[in-house]
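Please treat every number below as a calculation from the coordinates, not as lab data. Here the structure is a predicted model, which means the values were calculated and not measured. With ideal geometry, Cβ positions are generated from the backbone for all residues, glycine too; neighbour counts draw on all protein chains shown.
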Amino acid sequence: MATKKTTTKQSGSRKKAPAKAKPKKADGKMSALDAAAKVLAETKQAMTCKEMIDAMAAKGYWTSPAGKTPDRTLYSAILRRISSKGKDARFQKTERGKFAMAK
């Protein structure tokens, strides 16, 4: 008959590890969300996703890797970020189809 291993639980509170800095991509390029945040911070006004995509490409921050609808993808990503982060999100929806940096 095999014996059962028993372990004792250590009591006490465990501290959470500090949040790590977001790692950069290996190729040094920024993500579409990071580029959108940078464009919105620079312009300091609400923009549509199409305007953000055009500004990101013009400034060389980010270009779509052969996507057909990068503005719709960005729109969806920003909405997901707003719904998951809530008040801590860096974006806010100002009106239909427009986003700005959260205050």
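Using DSSP to call loops (not H, G, I, E or B), can you name the trypsin sites (Lys or Arg not before Pro) in segment 45-83 whose Cβ has at most 11 other Cβ atoms within 10 angstrom?
Sites meeting the loop and neighbour criteria: Lys68.
Could you tally the net charge around Tyr61, taking each other residue with its Cβ under 12 Å from the Cβ of Tyr61, Lys/Arg +1 and Asp/Glu -1?
Residues close to Tyr61 contribute a combined charge of 0.
Of all alpha-carbon pairs in segment 32-101, indicate the percentage at a distance above 14 angstrom.
Of all Cα-Cα distances in segment 32-101, 54 percent exceed 14 Å.
Can you put Ile82, Ile53 in order, fewest other beta carbons within 10 Å first?
Least crowded to most crowded, the residues run Ile82, Ile53.
Among Lys93, Lys44, Lys103, which comes first, then next, by fewest other beta-carbon atoms within 10 Å?
Arranged by neighbour count, lowest to highest, Lys93, Lys44, Lys103 become Lys103, Lys44, Lys93.
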